[in-house]
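The values are calculated or read from the model by the stated rules, or taken from the named source; none is laboratory data. Since this is a predicted model, take the numbers as computed values, not measurements. As a convention, Cβ positions derive from the backbone with ideal geometry for all residues, glycine included, and neighbour counts pool all protein chains shown. Side chains included, ligands, DNA and RNA excluded: accessible areas come from the protein's heavy atoms. Shrake-Rupley method; radii C 1.70, N 1.55, O 1.52, S 1.80 Å.
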Amino acid sequence: MRLEMFVACLFLLPGIAKSWYNAVLDFPSEPSVDNFVMWTPIETIDMQEALSVCSWVKPTKSDTRNRFWLSYQPIGSSNDLEEINMCDNLGATALFSTITGTPAQHLESNKWHHVCMTWSLSDQTVRVYLAGKEVSSKTTAANRKFGKRGVFVLGQEQDRVGGSFDVNQAFIGELYQLNMYSRALSGEEVERAFNRGLCASSDPSIAKDITIAWQDVLAAPRNGEVRIKRGTCSHWNLVSDYIDRDLLQHLIKYHDH
């Protein structure tokens, strides 16, 4: 009985019982301009001078098209003033409508990839990371700040604020643990987040800087056939943050029997 109570208490630890854990956003295999998630944050002013965007991304269609999984445009702007475009082709990743200099590289289909973009006004540099390693960096314009109020869209690329989608750019695949931060994460922090793995909880050392969290993304209105599904992670992955490996294996064996 004591062991059963111990296991029960483990799953009440912070973050373990959260409904957003193992909840994956799935964009269907048939591309459509109707499939997207859209929301306007109430406040993005804390990202005006620095930000990071990190997500686990799994494209499920293999082709040569650029399929965008995140797009952000400030309200009142045109296609020429897109703040962020993130794509399954790293070569099309852009900040402030400028390609970040990443060589063309389509993410391998049916495989999870950890992708991050960081930027700060202070060093005027945008950096792109794949699997914890920096793959490109580029200087941004002096005094150029991030648009403080705009529309985020997942699964499509905006040719006008909140619309004018192109079916050939519709994302097909899955997203998990997409978080936005109010500062530029360091290379070491990005690498640590990747090394923690797909199924880990957010790194406590950077979680305090999250300004748009995965649970906020999941709560945003979904359109078309976009759905939330259960992923392949186990809550035992979260428990591993609190107990040693040998005890974890013993608990899994006990629980499964």
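Numbers below:
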item	result
Of the criteria (1) on the phi < 0 side of the Ramachandran plot; (2) touching a residue at least 24 places away in the same chain (Cβ under 8 Å), which one GLY132 fails	(1)
Residues that are part of a loop (DSSP other than H, G, I, E, B) and in contact with a strand residue (DSSP E or B) (Cβ under 7 Å, 6 or more places away or on another chain), drawn from segment 154-164	GLY155, GLN156, GLU157, GLN158, VAL161, GLY162
Filtered residue count, segment 156-215, keeping only those that are polar (S, T, N, Q) and at positive phi	2
Test: PHE146 is more than 16 Å from ALA23 (Cα to Cα), open to solvent by less than 10 Å² (accessible area, probe 1.4 Å), in a loop (DSSP other than H, G, I, E, B) and touching a Leu at 6+ places or on another chain (Cβ under 9 Å)	yes
Selection within segment 176-221 - surrounded by 15 or more Cβ atoms within 10 Å (Cβ to Cβ), in contact with a helix residue (DSSP H, G or I) (Cβ under 9 Å, 6 or more places away or on another chain), among the small types (Gly, Ala, Ser) and in a loop (DSSP other than H, G, I, E, B)	SER182, ALA200, SER201, SER202, ALA213
Failed condition for GLN158, given (1) without any contact (Cβ under 8 Å) to a residue 60 or more places away in the chain; (2) of a type outside the set (A, V, I, L, M); (3) in contact with a Ser or Thr (Cβ under 6 Å, 6 or more places away or on another chain); (4) surrounded by 18 or more Cβ atoms within 10 Å (Cβ to Cβ)	(1)
Subset of segment 222-234 [assigned to a loop (DSSP other than H, G, I, E, B), at pLDDT 90 or above and open to solvent by 30 Å² or more (accessible area, probe 1.4 Å)]	GLY224, GLU225
Matching residues in segment 186-202 - criterion: being polar (S, T, N, Q) and more than 22 Å from GLU174 (Cα to Cα)	SER186
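Condition check ((1) touching a Pro at 6+ places or on another chain (Cβ under 9 Å); (2) modelled with pLDDT of 90 or more; (3) not in a loop (DSSP other than H, G, I, E, B)) across all residues:
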position	(1), (2), (3)
ASP63	no, no, no
SER71	no, yes, yes
ASN85	no, yes, yes
GLY91	yes, no, yes
PRO103	no, no, no
